[in-house]
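Engineer: Structure provided below as structure tokens; questions to follow.
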Amino acid sequence: MEAMSTRLTQYAHGGGCACKIPPGELEDVVRGLTGRTPTDPVGELLVGLDDGDDAAAVRIDGDTALIATTDFFTPVVDDPYDWGRIAAANALSDVYAMGGRPVVAVNLLGWPRDVLPFELAAETLRGGMDVCGEAGCHLAGGHSVDDPEPKYGLAVTGIADPNRLLRNDTGAPGLPLSLTKPLGIGVLNSRHKNTGERFEQAIAVMTTLNAAASAAALRAGVECATDVTGFGLLGHLHKLARASGVTAVIDSAAVPYLDGARDALRDGFVSGGTRRNLDWVAPHVDLSAIGDDDALLLADAQTSGGLLIAGEIPGAPVVGELIPRGRHTIVVR
């Protein structure tokens, strides 16, 4: 079958969220895009670009905030249907990370039409459609371009209670930190790209929606959360701690990892995105208590990772806590 014989990951220079522009470079690019108010706006901007949160939020009436986000990337696995599922779950995650529910999404597709058959593109779109269906989110149309590299994702619109948003700037000292999915997706995906080995445990995690975790956080009264994707646990936690004016303490022994992640790291399957993540956060993080391998895993570029919650919910391990702001934004013990 064509879908099984074509290795999609070989048609992309990177894979999944590891192909993101490095966070430090991205912040330089967007630095001048904040603080501007449009003429006669329809609603009140509640969350914008200022703190690098997961999605934009606009209050359109007293009870409803509109959540808007987009996410797309190059193939993270070889199977097109799985890639579509993963990309869709990853895009929807930003809405869940804000405490919202996705309402409608549109496809974003880049395809090398003279290189790869459109049957593979159809399988990718089918994967995205199935995950949107699972999420109760309409998938209606989209946009495509002829592109040297295959790319797929979604632009998603959701809704939330404007008074019950999950934000990255509302953390407070004394709150525990919970993580809803294990780390290690990045190194396993890198191994897959290089060897063709298939890791069902990684696919299962990447295709699991963060809907239940988001709902549980709201029921528990949580106000601060983010999802863990391309910038790794350390990168996304650094942004949360910086925005909230606190320091995060991570108990490295409590952080869960996927089976095979440490083996993949030992064998050298570390993406350039992961190394760039670590370089970016290193000046802001005290890593003196752990070794280089643990530091790389904590910076591992995740694709469709879990929620990092300032609070506790059932089934999610507590991996640290927030304390008053100190010298570093993160201390790893």
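The values are calculated or read from the model by the stated rules, or taken from the named source; none is laboratory data. Quick caveat, the model's predicted, so the values are computed rather than measured. Because the Cβ atoms are built from the backbone with ideal geometry, glycine has one as well, and the counts that use them run over all protein chains shown.
Engineer: Run down 213, 225 and say which single residue is under 21 Å from residue 65 (Cα atoms), touching a Gly at 6+ places or on another chain (Cβ under 8 Å) and not in a helix (DSSP H, G or I).
Structural biologist: 225
Engineer: Report yes if residue 14 is at pLDDT 60 or above, touching a Pro at 6+ places or on another chain (Cβ under 9 Å), in a loop (DSSP other than H, G, I, E, B) and surrounded by 11 or more Cβ atoms within 10 Å (Cβ to Cβ), otherwise no.
Structural biologist: No; evaluated as a whole, the condition is false for this residue.
Engineer: Another one. Can you pull out the residues in the stretch 66-83 that are assigned to a strand (DSSP E or B) and aromatic (Phe, Trp, Tyr)?
Structural biologist: The initial filter retains those residues of the stretch 66-83 that are assigned to a strand (DSSP E or B), namely 66-73.
Result: 72, 73.
Engineer: Would the stretch 138-147 turn up any residue that is in contact with a strand residue (DSSP E or B) (Cβ under 8 Å, 6 or more places away or on another chain), acidic (Asp, Glu), surrounded by fewer than 21 Cβ atoms within 10 Å (Cβ to Cβ) and in a strand (DSSP E or B)? Don't jump to the end; show me each part of the working.
Structural biologist: From the stretch 138-147, those in contact with a strand residue (DSSP E or B) (Cβ under 8 Å, 6 or more places away or on another chain) are 138-147; that's our starting set.
From the residues that got through so far, the ones that are acidic (Asp, Glu) too are 146-147.
Add one more test, that the residue is surrounded by fewer than 21 Cβ atoms within 10 Å (Cβ to Cβ), and what stays is 146-147.
Checking the rest, the ones that are also in a strand (DSSP E or B) come to 146.
Checking the stretch 138-147: at least one residue is in contact with a strand residue (DSSP E or B) (Cβ under 8 Å, 6 or more places away or on another chain), acidic (Asp, Glu), surrounded by fewer than 21 Cβ atoms within 10 Å (Cβ to Cβ) and in a strand (DSSP E or B).
Engineer: Follow-up. So, in the stretch 176-198, how many residues would count as being assigned to a loop (DSSP other than H, G, I, E, B), surrounded by 22 or more Cβ atoms within 10 Å (Cβ to Cβ) and either among the small types (Gly, Ala, Ser) or over 16 Å from the mean Cα position of the chain (by Cα) (or both)?
Structural biologist: 1
Engineer: Hey, another quick one. Using the structure shown, decide if residue 51 is modelled with pLDDT of 85 or more and not in a helix (DSSP H, G or I). Outline the logic, then answer.
Structural biologist: Values: modelled with pLDDT of 85 or more: no; not in a helix (DSSP H, G or I): yes.
No.
Engineer: In this structure, is residue 100 of a type in the set (Gly, Ala, Ser) and at pLDDT below 95?
Structural biologist: Details: of a type in the set (Gly, Ala, Ser): yes; at pLDDT below 95: no.
Here the answer is no, as residue 100 does not meet what is asked.
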